[in-house]
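Right, I'll just put the structure down here and ask away after.
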Amino acid sequence: MTTQSSSHPVDAQLAAPAPLTPAGSGVGVEFKGVQRHFGAVTALQGLDLQIHAGELVALLGPSGCGKTTALRLLAGFDRPDAGAITVGGRDVTKVPAHKRDMGMVFQAYSLFPNMSVRQNVAFGLRMRGRAKADRLTRADELLEMVGLGDAGDRYPYQLSGGQQQRVAIARALAIEPTVLLLDEPLSALDARVRHQLRGEIRQVQQRLGITALFVTHDQSEALSLADRVGVMSSGRLEQIDTPENVYRYPATAFVAEFVGAMNRVGGRIGDDGQVVVLGQRIPPTTPDAYAPGTAVEALLRPEALQVTLDSGGPGEIIERTFLGSSVRLRVSLEDGHELLVEGPSHGAVLPLGARVTLRVVADRVAVTERGAPAPAISPQL
Amino acid sequence: MSAIEFEAIAPRRVAPPQPRTAARPRPRAWRVLILVSMAVFYVLPLVCAVKFSLINQKGTYGPQNYTAIVNNGALSDALILSLEIAAITAAVAVLLVFPTTVLVRLKLPKLTVVMEAVTILPIVVPPIVIAAGLLQMKETAPLWVVNTFFNHPLTILTPLYVVLAMPLMYRAIDTGLRAIDLHTLVDASRSLGAGWPTTLWRVVLPNVQTAVLGGMFLTIALCLGEVVIANQLDQSNLTFPLEMIQFASQDNAPGISVAMALVALLFTFLLLFMLSFLARRRGGRTARVV
């Protein structure tokens, strides 16, 4: 999992080619109370977001949560109804898209079909009045960087989807953008290419030290790629934090259930403020949110639960799914509830029908009031 | 700069076409019958027209009817006038309809229905009604309007033909725009620093070039064939189709009239072949991208 760009272990593997822009040349971006409405629909309700220079922030959320609207507002394709957007301290709220100096990679293949690959990459430089020889040399350098040095004379239709997105990345970087915007750039690719390109995007972003905003609905993409992940719902930013914290310590029930699989287990708040669940006492992620004695539901990841064979245990294994490095079990409790439990696959084989005892192995647990409706999303179970 | 992080991927090579192994099924008799009937229906009149156009006034075969088109000053003037009207009409129609259609598709999609309704009006309203309305307008309009527009076919027919060409041009361009990912291409172009005129000229137009050319060729064909309005509005400077009618009505030169019709038909065919050629060339480039 990635953390801050300056300390990413992959940096150590990089060779030292001449950088296109000096590392760390990115600028900070800030959304200040940005609102956007489309008729009666509120796409963004007062978005406040800071992206630090050289940082890659991923906005994650279900369709219609406002993440793409935020990206388009930053790109200048749309204007907010209220609030302001600053880039490097400069207010760009009313600056048109073609004057913002932002490179963008789109979900759909966005290469210009009438231009060769080299002309595509050089297009932004042409718009900036760079001499022909200069811009073509630059285009060749960038194509070389993305591993398509010999494809400059080809046309987009002669490239695969992954190759087209590489060219799109080269084209976006050619203008030495202040901010790199990525609008689900991997969603149209097959799994293998997606995984490979994901790492390559991260490496280029880190090497150039460019500030980047990545929009996706794929949580594994967001968690593996970003310095920080912002989870959005209904036009609001529910939480923004490091991938580890978003996953392990979700701030809200929505975040808990949207990012990864989640169990809801009945419990209550003890006199000492701790959550009493499955017979254990565990600190809540948000202390003092509920009064002692309140009936709550603890939100527990499958890997935050551990099962032990116990003939008199309260649970029964009713389903077992082998996932390669791990095994996921579905355990039925005596009260009819079912829980997901995930553990390493190299452990003891627990047969179907076996009675088990469950134990919480998390150091903190998120809670929600009992009976609160689950978010209208489909967690990946 | 070296490829240190990205794995080089060899560009996709197009596999050579596989030889057909299965025998092509023999056409059934009814298919042949339909094809022959169609050929007779369409080709036979053309063959007859060509034969008739090659018969000169002495009753022998020769190219005199065709050379007469070039040598006859009135005919040449009519042809040049019609081509001028056609070229200006096509250019103006593109300049008006192309940006409007892009604007509607990008920013005002709810107006698509209105656009479709408005652009079909020139087809719904018969040309004779339009001509009658214009003649009425000529009677009542201020003198400067009459002097500016009604004194020459170029100034009165061109705006009218632009209106008549609107259904053809709009549908051709709209179809072209539907076939590309217009929003993404425009956004990509704008994010790279291109303003609206550059985006339209360098990114959108080349990718709907075939559709625009199709609309232009149809417009030119319309202009070269329109007689109803031209006949009503101006009798002093005849357009090419009006000259054809005049020759057809003369007893001594029907062959020239037919020759003119065939020249116009050949010109239109050439335009269509050119369009087909361009479409085939561009089809490959855009097929997998949009």
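Any residue at all in region B:82-92 that is over 20 Å from the mean Cα position of the chain (by Cα) and open to solvent by 40 Å² or more (accessible area, probe 1.4 Å)?
Checked region B:82-92: no residue is over 20 Å from the mean Cα position of the chain (by Cα) and open to solvent by 40 Å² or more (accessible area, probe 1.4 Å).
Inside region A:52-107, counting only strands (runs of 3 or more DSSP E) that do not spill past its ends, which hold 1 or more residues that are within 14 Å of chain B (Cβ to nearest Cβ), among the aliphatic types (A, V, I, L, M) and in contact (Cβ under 8 Å) with a residue 24 or more places away in the chain?
The strands (runs of 3 or more DSSP E) meeting that bar are A:82-87, A:102-105.
Next up: Condition (residue is free of Cβ contacts under 8 Å to residues at least 60 places away in the same chain, away from chain A (no Cβ under 14 Å), outside any helix (DSSP H, G or I) and open to solvent by 80 Å² or more (accessible area, probe 1.4 Å)) applied to region B:167-185: is it met by at least one residue?
No: zero hits.
When you go through (1) within 26 Å of A:Gly336 (Cα to Cα); (2) buried (at least 19 other Cβ atoms within 10 Å of the Cβ); (3) of a type in the set (D, E, K, R); (4) at pLDDT 90 or above one by one for A:Arg264, which number turns out not to apply?
Unmet condition: (4).
Is it true that A:Glu303 is in contact (Cβ under 8 Å) with a residue 40 or more places away in the chain and in a strand (DSSP E or B)?
Considered against the rule, which asks whether it is in contact (Cβ under 8 Å) with a residue 40 or more places away in the chain and in a strand (DSSP E or B), A:Glu303 comes out as no.
With the condition kept exactly as written, say whether any residue in region A:75-86 is open to solvent by 50 Å² or more (accessible area, probe 1.4 Å), of a type in the set (Lys, Arg) and over 28 Å from A:Ile51 (Cβ atoms).
no
Also, I was wondering about something else. Taking the condition of being in a loop (DSSP other than H, G, I, E, B) and modelled with pLDDT of 90 or more, how many residues in region B:142-166 meet it? Write out each step before concluding.
Of all residues in region B:142-166, those in a loop (DSSP other than H, G, I, E, B) come to B:142, B:150-152.
Applying the additional criterion that residues be modelled with pLDDT of 90 or more yields none.
Of the residues in that region, 0 qualify.
A further question follows. Hey, A:Leu44 hits all of (1) closer than 27 Å to A:Arg198 by Cα; (2) more than 14 Å from chain B (Cβ to nearest Cβ) but one; which does it fall short on?
Here A:Leu44 clears every test but (1).
Here's another thing I want to ask about it. Among what's in region B:232-246 and is buried (at least 17 other Cβ atoms within 10 Å of the Cβ) and touching a residue at least 60 places away in the same chain (Cβ under 8 Å), pick the residue that is farthest from B:Val162 (Cα to Cα).
Only one residue fits best here, namely B:Glu243.
A follow-up question, please. So, in region B:198-230, exactly how many residues are in contact with a Pro (Cβ under 9 Å, 6 or more places away or on another chain) and open to solvent by 30 Å² or more (accessible area, probe 1.4 Å)?
4
For B:Thr112, indicate whether it is under 22 Å from B:Glu243 (Cβ atoms), over 16 Å from the mean Cα position of the chain (by Cα), surrounded by fewer than 21 Cβ atoms within 10 Å (Cβ to Cβ) and not aliphatic (A, V, I, L, M).
So B:Thr112 fails the test.
Now, a different point. Sort out which residues of region A:111-132 are under 18 Å from B:Ala188 (Cα atoms), more than 7 Å from chain B (Cβ to nearest Cβ) and either of a type in the set (A, V, I, L, M, F, W, C) or in contact with a Pro (Cβ under 9 Å, 6 or more places away or on another chain) (or both), and write them in order of number.
A:Met115, A:Ser116, A:Val117, A:Asn120, A:Val121, A:Ala122, A:Leu125
Let me ask something else. Taking only region A:312-325 into account, find how many residues are among the hydroxyl-bearing types (Ser, Thr, Tyr) and modelled with pLDDT under 90. Show your work before the answer.
So in region A:312-325, the residues among the hydroxyl-bearing types (Ser, Thr, Tyr) come out as A:321, A:325.
So of that shortlist, the ones also modelled with pLDDT under 90 come out as A:325.
Within region A:312-325, residues that are among the hydroxyl-bearing types (Ser, Thr, Tyr) and modelled with pLDDT under 90 number 1.
If you don't mind, there's one more thing I want to ask. Can we say A:Ala170 is closer than 24 Å to A:Gln119 by Cα and out of contact with any Asp or Glu (no Cβ under 8 Å at 6 or more places or on another chain)?
Judged against the criteria, A:Ala170 is a match.
Mind checking which residues of region B:186-218 are free of Cβ contacts under 8 Å to residues at least 12 places away in the same chain, under 23 Å from the mean Cα position of the chain (by Cα) and facing chain A (nearest Cβ under 10 Å)?
Scanning region B:186-218 gives a single hit, B:Pro206.
If I go through region A:10-48 residue by residue, how many of them are of a type outside the set (D, E, K, R), at pLDDT 70 or above and surrounded by fewer than 18 Cβ atoms within 10 Å (Cβ to Cβ)?
Residues in region A:10-48 being of a type outside the set (D, E, K, R), at pLDDT 70 or above and surrounded by fewer than 18 Cβ atoms within 10 Å (Cβ to Cβ): 11 in total.
On the basis of being in a helix (DSSP H, G or I) and open to solvent by less than 10 Å² (accessible area, probe 1.4 Å), does B:Ala259 make the cut?
yes
Against the definition (polar (S, T, N, Q) and under 22 Å from the mean Cα position of the chain (by Cα)), how does B:Asn237 come out, yes or no?
Criteria not met by B:Asn237.
The values are calculated or read from the model by the stated rules, or taken from the named source; none is laboratory data. Here the structure is a predicted model, which means the values were calculated and not measured. Note: ideal-geometry Cβ built from the backbone for every residue, glycine included; neighbour counts use all protein chains shown. All accessible areas refer to the heavy atoms of the entire protein, side chains included, with ligands and DNA or RNA removed. Shrake-Rupley method; radii C 1.70, N 1.55, O 1.52, S 1.80 Å.
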